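In what follows, a structure is listed as structure tokens, so that the remarks can point back to it.
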Amino acid sequence: MEIKIGTSGYSFDDWVGSFYPPETQKGKRLDYYVRFFPAVEINSTYYRIPHPAIMANIDKKAPPGFEFIVKTPEILTHKRKNIEKLIAEFNESIRPMVDSDRLKGLLAQFPFSFKFSQGNLEYVRYCQEQLKPHQLFVEFRHNSWVNRTVYDDFLAHAIGYVAVDEPQLPGLLRPDCFNTTETAYIRLHGRNAEHWWNGGPLRYDYDYSADEIREWKEKVKKLEGKAKKVFIFFNNCHLGQAVKNARQMMEMLNI
């Protein structure tokens with residue numbers, strides 16, 4: 001089982017000093033990142049769709065074997081209206097990574113307010129149709145989505161389910177780990193319950209303990225025989241804690 005570990009984004013100013021050397025220019029951050037990790041989530045695409053030339057510039061910094069997951073735009077997951085034109089623009093934007101064969105999937109993260117219903121499940125499948133032929137991985141924030149109907153539907157349509165680690169607050173998902181495609185996908189957001197609902201960067205201000213990382217190591221090991229590949233991304237990006245914890249996980253898994 002192939003395991004690729006990285007972080008959710010890489011270009012954070014507060015990583016300078018905690019991960020990036022103080023003299024690292026913003027345009028050189030990825031050059032440094034790829035020395036330590038084999039994959040990364042590109043999350044900036046959630047806020048705006050970049051020009052293909054920007055994505056090409058990012059892609060060319062990656063060495064052989066490096067892989068990208070790109071987050072889908074906000075209009076797809078949060079606004080959910082008149083998406084066709086912007087999806088066409090988004091597909092054009094990611095073309096350089098498609099052409100280099102480094103794009104290994106798209107991440108759609110739906111908000112807590114997006115709860116399970118048959119209509120919303122059909123919307124997820126509609127999103128998949130709009131984004132084909134790319135592999136779609138879907139993250140939910142509301143625990144109403146953890147049910148057999150969703151599991152069977154994702155299996156039938158080859159939609160990837162994203163397992164998450166987050167605070168155990170009412171309505172949020174439990175840290176269950178399972179996959180609905182040959183590639184399993186895990187995102188670790190931290191467990192900062194105090195600041196979760198406030199939003200902002202403090203939501204992801206969390207440093208996993210060795211025991212907490214070890215819990216996920218054991219969950220990953222149980223995917224053997226169920227998945228051919230696993231992506232693990234740490235999203236507790238405040239002050240570079242994601243880098244620290246991702247490297248700890250890599251050491252535990254002997255990667």
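Where a number appears in this text, it was derived from the coordinates with a stated rule and is not lab data. This structure is a prediction, so every number in the text was calculated from the model and none was measured. Cβ atoms come from the backbone with ideal geometry, glycine included; neighbour counts cover every protein chain shown.
So here's what we get for this one:
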read-out: Magnitude of the charge dipole, region 1-134, Cβ model with Lys/Arg +1 and Asp/Glu -1, debye to 20; value: 200 debye
read-out: Proximal aspartates and glutamates relative to Lys85, as straight alpha-carbon distance under 20 Å, when same-chain residues fewer than 8 apart are discounted; value: Glu74, Glu122, Glu129
read-out: Estimated vicinal HN-Hα couplings, Hz - region 6-23 in sequence order (Karplus 6.51, -1.76, 1.60; Gly, Pro = x); value: x, 10, 8, x, 9, 9, 10, 4, 7, 8, 6, x, 7, 9, 6, x, x, 8
read-out: Those lysines that a straight Cα-Cα span of less than 21 Å connects to Lys104, excepting residues fewer than 8 apart in one chain; value: Lys4, Lys60, Lys61, Lys71, Lys132, Lys226, Lys228, Lys229
read-out: DSSP-loop GluC sites (Glu not before Pro) across region 168-241, with at most 13 other Cβ within 10 angstrom; value: Glu182, Glu194
read-out: Cβ-based charge dipole, region 1-97, positive-most Cα from Ile3, Pro96, Phe66; value: Pro96
read-out: Value at 222 nm in deg cm²/dmol, rounded to 500, when DSSP H runs of n ≥ 4 in the chain each add -39,500 (n - 2.57); value: -8500 deg cm²/dmol
read-out: For region 153-178 and region 33-109, distance of Cα centres in Å; value: 22 Å
read-out: Using distinct alpha-carbon pairs, which all enter the 1/r mean, Kirkwood radius of the chain in Å; value: 18.6 Å
read-out: Positive-end extreme of charge dipole, the chain - chosen from Ser209, Gly160, Leu253 (charges on Cβ); value: Gly160
read-out: Prolate/oblate/rounded label for region 69-181 (Cα gyration tensor, a/c 1.5); value: prolate
